[in-house]
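Structure first, then comments.
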Amino acid sequence: MNNSQPLIQVSEVIKKSDQGITRPFICRDDSGRQLWVKGAELSKPELAAEWISACLAKEWGLPIAPFGLVYIDPLLIEYSSMPEISSLGSGIGFGSYHVEGAVELDYPESLKIDSELRADILLFDYWIQNEDRTLGENGGNPNLLLHIPEGDVVIIDHNLAFDVSFAKETLFGTHVFRDFRQKWTGEYIKTHQKKLLDI
(Lines give C-alpha, C1' and ligand atoms only; values in the text may rest on other atoms or scores of the structure.)
Protein backbone atom coordinates (compact mmCIF):
# COMPACT_ATOMS: atom_id res chain seq x y z
CA MET A 1 0.00 0.00 0.00
CA ASN A 2 1.52 3.28 -1.11
CA ASN A 3 -0.29 6.41 0.05
CA SER A 4 2.49 8.97 -0.08
CA GLN A 5 1.08 12.35 -1.07
CA PRO A 6 1.91 15.96 -0.28
CA LEU A 7 0.27 17.67 2.67
CA ILE A 8 -2.83 19.69 1.89
CA GLN A 9 -2.23 23.31 2.86
CA VAL A 10 -5.12 24.90 4.76
CA SER A 11 -5.39 28.50 3.55
CA GLU A 12 -8.61 29.53 5.31
CA VAL A 13 -10.60 28.39 8.32
CA ILE A 14 -14.25 29.25 7.65
CA LYS A 15 -16.05 28.02 10.77
CA LYS A 16 -16.57 25.14 13.15
CA SER A 17 -19.20 22.77 11.85
CA ASP A 18 -22.49 22.22 13.62
CA GLN A 19 -22.61 18.71 12.19
CA GLY A 20 -21.11 15.50 13.50
CA ILE A 21 -20.10 14.46 16.99
CA THR A 22 -16.52 15.67 16.49
CA ARG A 23 -17.69 18.91 14.79
CA PRO A 24 -14.80 19.33 12.35
CA PHE A 25 -13.79 22.73 11.01
CA ILE A 26 -14.88 23.80 7.54
CA CYS A 27 -11.77 25.05 5.72
CA ARG A 28 -10.39 25.78 2.27
CA ASP A 29 -7.17 24.51 0.77
CA ASP A 30 -4.81 26.71 -1.24
CA SER A 31 -6.80 26.04 -4.43
CA GLY A 32 -10.08 27.14 -2.83
CA ARG A 33 -11.61 23.67 -2.42
CA GLN A 34 -13.68 23.17 0.71
CA LEU A 35 -12.80 20.42 3.17
CA TRP A 36 -13.67 19.22 6.65
CA VAL A 37 -10.68 19.26 8.96
CA LYS A 38 -10.09 17.47 12.26
CA GLY A 39 -7.19 18.60 14.38
CA ALA A 40 -6.21 18.96 18.00
CA GLU A 41 -9.64 18.02 19.38
CA LEU A 42 -8.89 14.43 18.39
CA SER A 43 -6.18 12.43 20.10
CA LYS A 44 -3.18 11.32 18.04
CA PRO A 45 -4.46 7.72 17.96
CA GLU A 46 -7.82 8.97 16.66
CA LEU A 47 -6.18 11.04 13.91
CA ALA A 48 -4.03 8.04 13.00
CA ALA A 49 -7.16 5.87 12.89
CA GLU A 50 -8.80 8.34 10.48
CA TRP A 51 -5.80 8.32 8.17
CA ILE A 52 -5.11 4.58 8.21
CA SER A 53 -8.78 3.66 7.78
CA ALA A 54 -9.19 6.09 4.89
CA CYS A 55 -6.11 4.68 3.16
CA LEU A 56 -7.38 1.10 3.62
CA ALA A 57 -10.83 2.04 2.30
CA LYS A 58 -9.28 3.68 -0.76
CA GLU A 59 -7.07 0.65 -1.45
CA TRP A 60 -10.09 -1.62 -1.14
CA GLY A 61 -12.03 0.55 -3.58
CA LEU A 62 -14.77 1.55 -1.15
CA PRO A 63 -16.55 4.86 -1.82
CA ILE A 64 -14.75 7.30 0.46
CA ALA A 65 -14.56 11.06 0.03
CA PRO A 66 -11.20 12.39 -1.21
CA PHE A 67 -8.96 12.95 1.81
CA GLY A 68 -5.46 13.75 2.96
CA LEU A 69 -3.26 14.93 5.76
CA VAL A 70 -3.44 18.69 6.13
CA TYR A 71 -1.06 21.33 7.42
CA ILE A 72 -2.54 24.13 9.53
CA ASP A 73 -0.21 27.12 9.80
CA PRO A 74 0.15 28.37 13.41
CA LEU A 75 -0.47 31.93 12.13
CA LEU A 76 -3.98 30.94 11.02
CA ILE A 77 -4.75 30.04 14.62
CA GLU A 78 -2.85 32.88 16.30
CA TYR A 79 -4.49 35.68 14.32
CA SER A 80 -7.99 34.27 14.10
CA SER A 81 -10.82 35.79 16.12
CA MET A 82 -13.00 32.74 15.56
CA PRO A 83 -14.47 31.18 18.71
CA GLU A 84 -13.11 27.71 19.49
CA ILE A 85 -10.29 28.06 16.96
CA SER A 86 -7.81 26.74 19.52
CA SER A 87 -9.56 23.37 19.40
CA LEU A 88 -8.41 23.02 15.78
CA GLY A 89 -4.77 23.57 16.68
CA SER A 90 -1.87 24.00 14.29
CA GLY A 91 0.33 21.42 12.61
CA ILE A 92 -0.87 18.17 11.07
CA GLY A 93 -4.55 17.26 10.88
CA PHE A 94 -6.87 15.12 8.79
CA GLY A 95 -8.95 16.57 5.99
CA SER A 96 -11.85 15.16 4.00
CA TYR A 97 -13.02 17.07 0.93
CA HIS A 98 -16.60 18.29 0.81
CA VAL A 99 -18.87 16.16 -1.38
CA GLU A 100 -21.21 18.56 -3.14
CA GLY A 101 -24.86 17.60 -2.88
CA ALA A 102 -24.31 14.99 -0.16
CA VAL A 103 -26.57 14.54 2.87
CA GLU A 104 -26.47 12.18 5.82
CA LEU A 105 -27.92 8.81 4.89
CA ASP A 106 -31.26 8.02 6.49
CA TYR A 107 -32.74 4.61 7.23
CA PRO A 108 -35.14 4.37 4.23
CA GLU A 109 -32.32 5.26 1.82
CA SER A 110 -29.98 2.74 3.48
CA LEU A 111 -32.31 -0.04 2.33
CA LYS A 112 -31.71 0.89 -1.32
CA ILE A 113 -27.92 0.48 -1.32
CA ASP A 114 -26.45 -2.38 -3.35
CA SER A 115 -26.37 -5.51 -1.18
CA GLU A 116 -22.77 -6.37 -2.08
CA LEU A 117 -21.62 -2.91 -1.00
CA ARG A 118 -23.54 -3.22 2.27
CA ALA A 119 -21.83 -6.54 2.98
CA ASP A 120 -18.44 -4.99 2.10
CA ILE A 121 -18.90 -1.98 4.40
CA LEU A 122 -19.90 -4.30 7.24
CA LEU A 123 -16.80 -6.43 6.63
CA PHE A 124 -14.61 -3.32 6.40
CA ASP A 125 -15.84 -2.08 9.78
CA TYR A 126 -15.30 -5.53 11.27
CA TRP A 127 -11.77 -5.54 9.83
CA ILE A 128 -10.85 -2.12 11.25
CA GLN A 129 -12.80 -2.71 14.48
CA ASN A 130 -15.14 0.22 13.95
CA GLU A 131 -18.43 0.06 15.85
CA ASP A 132 -19.32 3.66 14.94
CA ARG A 133 -21.75 3.15 12.04
CA THR A 134 -25.14 2.63 13.62
CA LEU A 135 -28.57 3.17 12.13
CA GLY A 136 -32.05 1.71 12.47
CA GLU A 137 -35.67 2.73 12.18
CA ASN A 138 -35.27 4.85 15.32
CA GLY A 139 -32.18 6.68 14.08
CA GLY A 140 -28.48 6.39 14.82
CA ASN A 141 -25.11 7.65 13.61
CA PRO A 142 -24.42 6.02 10.23
CA ASN A 143 -21.32 8.02 9.24
CA LEU A 144 -22.51 7.58 5.67
CA LEU A 145 -23.40 10.25 3.15
CA LEU A 146 -25.84 9.96 0.28
CA HIS A 147 -24.69 11.77 -2.85
CA ILE A 148 -27.79 13.30 -4.44
CA PRO A 149 -29.03 12.93 -7.18
CA GLU A 150 -26.79 9.98 -8.14
CA GLY A 151 -27.74 7.99 -5.04
CA ASP A 152 -24.14 6.96 -4.35
CA VAL A 153 -23.10 6.33 -0.77
CA VAL A 154 -19.90 7.79 0.74
CA ILE A 155 -18.26 6.49 3.92
CA ILE A 156 -16.80 8.98 6.41
CA ASP A 157 -15.52 9.31 10.00
CA HIS A 158 -13.24 6.54 11.20
CA ASN A 159 -11.57 8.15 14.21
CA LEU A 160 -13.01 5.44 16.50
CA ALA A 161 -11.55 2.56 14.49
CA PHE A 162 -9.02 0.13 16.03
CA ASP A 163 -10.85 0.40 19.34
CA VAL A 164 -9.19 -1.68 22.06
CA SER A 165 -12.63 -2.27 23.58
CA PHE A 166 -14.09 -3.44 20.26
CA ALA A 167 -16.78 -6.09 20.65
CA LYS A 168 -18.03 -7.92 17.58
CA GLU A 169 -21.33 -8.55 19.39
CA THR A 170 -21.89 -4.79 19.50
CA LEU A 171 -20.96 -4.39 15.84
CA PHE A 172 -23.26 -7.17 14.67
CA GLY A 173 -26.04 -5.88 16.91
CA THR A 174 -26.01 -2.18 15.97
CA HIS A 175 -24.31 -1.74 12.58
CA VAL A 176 -26.45 -0.14 9.88
CA PHE A 177 -25.77 -3.17 7.63
CA ARG A 178 -25.73 -5.85 10.34
CA ASP A 179 -28.19 -8.05 8.42
CA PHE A 180 -25.74 -8.41 5.55
CA ARG A 181 -23.44 -10.71 7.45
CA GLN A 182 -25.51 -13.41 5.76
CA LYS A 183 -23.80 -12.42 2.49
CA TRP A 184 -20.48 -13.65 3.88
CA THR A 185 -20.70 -17.02 2.21
CA GLY A 186 -17.72 -19.33 1.75
CA GLU A 187 -17.00 -17.93 -1.71
CA TYR A 188 -17.36 -14.34 -0.48
CA ILE A 189 -14.93 -14.96 2.37
CA LYS A 190 -12.44 -16.69 0.08
CA THR A 191 -12.48 -13.81 -2.41
CA HIS A 192 -12.31 -11.07 0.20
CA GLN A 193 -9.65 -12.76 2.30
CA LYS A 194 -7.31 -12.64 -0.70
CA LYS A 195 -8.30 -9.01 -1.36
CA LEU A 196 -7.53 -7.96 2.21
CA LEU A 197 -4.22 -9.78 2.24
CA ASP A 198 -3.22 -8.01 -0.98
CA ILE A 199 -3.85 -4.50 0.40
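Summary table
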| quantity | calculated |
| --- | --- |
| Value in Å of the Kirkwood radius, where the chain supplies the Cα pairs that are averaged | 17.7 |
| Angstrom value of the Kirkwood radius, inverse mean 1/r, which spans all Cα pairs in segment 1-107 | 14.4 |
| 10 Å Cβ shell holding at most 15 others, DSSP loop, trypsin sites (Lys or Arg not before Pro): longest site-free stretch of the chain | 113-199 |
| Computed E for Y107/Q9 - FRET, C-beta separation, R0 30 angstrom, nearest 0.05 | 0.20 |
| Segment 50-123: GluC sites (Glu not before Pro) in DSSP coil with no more than 13 other Cβ atoms inside 10 Å | E84, E100 |
| Euclidean distance between Cα centres, segment 122-199 to segment 33-52, Å | 20 |
| Segment K58-S17, length gained on full extension (0.36 nm per residue, minus Cα span) | 12.3 nm |
| Over segment 99-199, relative contact order from alpha-carbon pairs under 8 Å, at least 6 apart, % | 33 |
| Cross-link pairs beyond the 31 Å C-alpha cut-off, checked among K112/K195; K168/K195; K38/K190; K44/K190 | K38/K190; K44/K190 |
| Rg to Rh, two decimals, where segment 42-81 supplies the alpha carbon set and Rh follows Kirkwood | 1.14 |
| Length-normalised contact order of the chain in % [C-alpha pairs under 8 Å, at least 6 apart] | 21 |
| Helix axis angle, 186-198 relative to the chain longest principal axis, alpha carbon, degrees | 30 |
| Gaussian network model of the chain, Cα within-10 Å springs - most flexible of S110, S11, S43 | S43 |
| Ranking by accessible area, most exposed first, for L196, L75 with a 1.4 Å probe | L75, L196 |
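The values are calculated or read from the model by the stated rules, or taken from the named source; none is laboratory data. Being a predicted model, the structure only gives us computed values, none of them experimental. In this analysis, Cβ positions are derived from the backbone assuming ideal geometry, glycine residues included, and neighbour counts consider all displayed protein chains. Heads up: the accessible areas ignore ligands, DNA and RNA and are worked out on the full protein's heavy atoms, side chains in. Shrake-Rupley method; radii C 1.70, N 1.55, O 1.52, S 1.80 Å.
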